[in-house]
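Enquirer: Dropping a structure here in structure tokens format, bear with me for questions.
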Amino acid sequence: MGTKNTIVTRKMSASLASLSMAPPDHVDSLLDRSLDRSHDSLEIENDLDLQASQEKFEQLQNDVSNGIAEGKSSAEILMPFLFDMNEQLARLNRNVNDSRYGLKSRIKTVIGDTEDNTDRIIQLEAENKLLRDNQQVMIGLMQRQAETIDRMKSKIEDLIKRSMQDNIVIHNHEYTLEDGQPAWDLRPVVLDFLKSNLNMDPDEREIFVAHKLGENSIVARVYPGLKNDVFQNVDKLKGVKNSKNKSVYITDQQPEAPRARRMYAKELEKELTASYSGVPGKKPKIQVKKDTVFVNNEPQKNHCPAPKPIDVLNIEPDEREKIDNLSLTEVEIKAEKGSTFRGLCTKASNRPEVRRAYKKARMMYPAATHIMCGYAIKTSKDKLEYGRDDDGEWGGSHRIVEAIKAKNLSNIVVFVIRQFGGQHLGAKRFDCIKSCAEKVIKESKIK
């Protein structure tokens, strides 16, 4: 720094020597150019008071004019200004070159931060790509898992069906146990029923096991030949009723899943038939074949099935944004035995909006045991379309649709989410589902 100041001082001395011999007009010209260069230099330093510098320049001009008028030399006039300029240049040099707070140091810091940020952005991009790759792997694994689960369900259902192929169910039969007879072994009751009502005389060894199944119903596994004999004589039960005037009858025992699907199909048949009542024109042909409803020989599909985990994971960004912007009204009902029911409700005017809301519900409660859905939307023909999905809770969505119909609403979708508490509620769960649906509809204020 000392060497630089010495050089500047020498230059100033040489300049003063030349200025002392220069005419006044030349001094004014040099002064104007110096003022312009100094002004430009001072604009670099952000902490200098430019207004004060301008005032100094104006004062210098006045001093030069007065000095010339008084006959002073150029050196005498310009010496204070040049020393002041030297001081400001030194200050500017410190501001630029200071190792800690100087402009160069700050620029280096900014460049370093930029490089660090660039490296961080590259790292984040690499992590994001890794996450996307992992997501695709997870989607593939979940797809395989879902297919495996479906195959296992089919095999389990087939095993259950085969295990029940020799079973018979006696419905609405009232009985009393003799003293000392265990409640879990009802073989004597079945044997007595067959003898007294079907006039049969089977061997006790032909009845392998028998136990209670629901209220006043007995399930028994029998010898295949005995089962054939039972159904050959089943007509003898016509007209036999219990004390509550309920008919006593015998059926095969069927797995719960196929039976539930058949009952669901029958309920859907009733709903479709009712929806066409009062509508002018030719009525469609509605029939049930096994567990599928056909309308004019076309199978009816569930247009808004419960989304699987893979459906929620594999969502396009645009669709995800629409789902995130959805607003749902929510209520909660705590039932007995630890089960919890939550209701969600929002507007939906078409099937894609219903499916979008269904995905939102699944994303909100990914670990829920059941997410039942019921909706009512207006079609292009200004006709109400009702749809529902039980998500494994057979008959639950039917109560949601009933709640929607009771309020005569349209363009609405309602979800009831059940978190199983570990103990079965029996038929009371349907009351909880319906009351939860009614409560969330009321809270949503959708009309």
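Enquirer: For the range 162-171, what does the Karplus curve 6.51 cos²θ - 1.76 cosθ + 1.60, with θ = phi - 60°, yield as ³J(HN,Hα) per residue in whole Hz, taken in order and with x for Gly and Pro?
Expert: After applying 6.51 cos²θ - 1.76 cosθ + 1.60, I find 5, 5, 9, 5, 9, 9, 10, 10, 9, 9 Hz.
Enquirer: Just order 365-375, 297-307 by mean Cβ neighbour count inside 10 Å, highest at the front, would you?
Expert: 365-375, 297-307
Enquirer: Sorted by mean Cβ packing within 10 Å, highest first, what order do the peptides 438-444, 215-221, 199-205 take?
Expert: Values: 438-444: 19.3, 215-221: 17.4, 199-205: 11.0.
The densest-packed peptide leads the list: 438-444, 215-221, 199-205.
Enquirer: If you find the alpha carbon centre of the range 91-125 and of the range 184-211, how far apart are they in angstrom?
Expert: Centre-to-centre distance over Cα atoms comes out at 94 Å.
Enquirer: Compute the Cα gyration tensor for the range 82-183, then decide on rounded, prolate or oblate, letting a ≥ b ≥ c be the square roots of its eigenvalues: rounded whenever a/c is under 1.5, prolate when a/b is larger than b/c in the other cases, and oblate in all that remain. Walk me through the numbers on the way to the answer.
Expert: Values: a/c = 10.71, a/b = 4.31, b/c = 2.48.
Note, shape of the range 82-183 comes out prolate.
Enquirer: Points 7 angstrom from Cα along the Cβ direction at Gln254 and Ser99: gap in nanometres?
Expert: It works out to 9.2 nm between the two label points.
Enquirer: Give the average over all directions of the projected area of the C-alpha convex hull of the range 309-444, one decimal, in nm². Provide the component values of the computation, followed by the final result.
Expert: On the way: hull surface 32.3 nm².
Approximately 8.1 nm², given one-decimal rounding.
Enquirer: Using the structure shown, list the pairs from Lys347/Lys439; Lys266/Lys301; Lys155/Lys434; Lys360/Lys447; Lys153/Lys378; Lys405/Lys439 with a Cα-Cα distance above 25 Å, or answer none. Walk me through the intermediate numbers first.
Expert: On the way: Lys347/Lys439 16 Å; Lys266/Lys301 14 Å; Lys155/Lys434 34 Å; Lys360/Lys447 22 Å; Lys153/Lys378 36 Å; Lys405/Lys439 14 Å.
Over 25 Å apart, Cα to Cα: Lys155/Lys434; Lys153/Lys378.
Enquirer: What does the C-alpha gyration tensor say about the overall shape of the range 123-267? Classify as rounded when a/c is under 1.5, otherwise prolate if a/b is larger than b/c, or oblate. Intermediate values should be presented prior to the final figure.
Expert: Values: a/c = 3.29, a/b = 3.07, b/c = 1.07.
It is prolate, given that a/c is not under 1.5 and a/b is the larger ratio.
Enquirer: Treating only the Cβ of Lys, Arg, Asp and Glu as charged (+1, +1, -1, -1), what charge dipole size does the range 167-252 show about its Cα centre? Round to the nearest 20 debye. Walk me through the intermediate numbers first.
Expert: Working: 11 positive and 13 negative charges, 76 e Å.
I would put it at about 360 debye.
Enquirer: Show me, for the range 433-447, the HN-Hα J-couplings you get by feeding each phi into the Karplus relation (A = 6.51, B = -1.76, C = 1.60, θ = phi - 60°), rounded to Hz, glycine and proline as x.
Expert: 4, 5, 5, 5, 5, 5, 5, 5, 4, 5, 5, 6, 6, 7, 10
Enquirer: Multiply the residue separation of Arg162 and Ala367 by 0.36 nm, subtract the distance between their alpha-carbon atoms, and state the gained length in nm to one decimal.
Expert: Numbers: separation 205, 0.36 × 205 = 73.80 nm, distance 3.22 nm.
Computed gain between Arg162 and Ala367 is 70.6 nm.
Enquirer: List residues of the range 303-323, by number, whose backbone nitrogen lies under 19 Å from a label position 7 Å along Cα→C-beta of Ala146.
Expert: Residues 303-321, 323 fall inside that zone.
Enquirer: On to the next question. How high is the FRET efficiency from Lys155 to Thr114, r the C-beta distance, R0 51 Å, rounded to 0.05? Can you show the working numbers first?
Expert: On the way: r = 61 Å, r/R0 = 1.20.
Efficiency, rounded to the nearest 0.05: 0.25.
Enquirer: I would also like to ask the following. If neighbour count is taken as other Cβ atoms inside 10 Å, put Ile310, Ile156 in order from fewest to most. Intermediate values should be presented prior to the final figure.
Expert: On the way: Ile310 16, Ile156 12.
The fewest-first ordering by Cβ neighbours comes to Ile156, Ile310.
Enquirer: From the backbone phi of the range 313-321, what are the Karplus-calculated ³J(HN,Hα) couplings (6.51 cos²θ - 1.76 cosθ + 1.60, θ = phi - 60°) in whole Hz, Gly and Pro given as x?
Expert: Couplings: 6, 9, 10, 5, x, 5, 5, 5, 5 Hz.
Enquirer: Ranked from highest to lowest mean number of other Cβ atoms within 10 Å per residue, what is the order of the peptides 105-114, 230-239? Walk me through the numbers before you get to the answer.
Expert: On the way: 105-114: 10.9, 230-239: 12.6.
For the peptides 105-114, 230-239, the packing ranking is 230-239, 105-114.
Enquirer: Here is a follow-up. Hey, with R₀ at 41 Å, roughly what FRET efficiency would Lys381 and Leu130 work out to, going by the Cβ-Cβ distance, to 0.05?
Expert: Working: r = 50 Å, r/R0 = 1.22.
Here the calculated transfer efficiency is 0.25.
Bear in mind that the values in this text are calculations on the coordinates, not laboratory data. Here the structure is a predicted model, which is why all the values come from computation and not from measurement. Backbone-built Cβ (ideal geometry, glycine too); neighbour counts: all protein chains shown.
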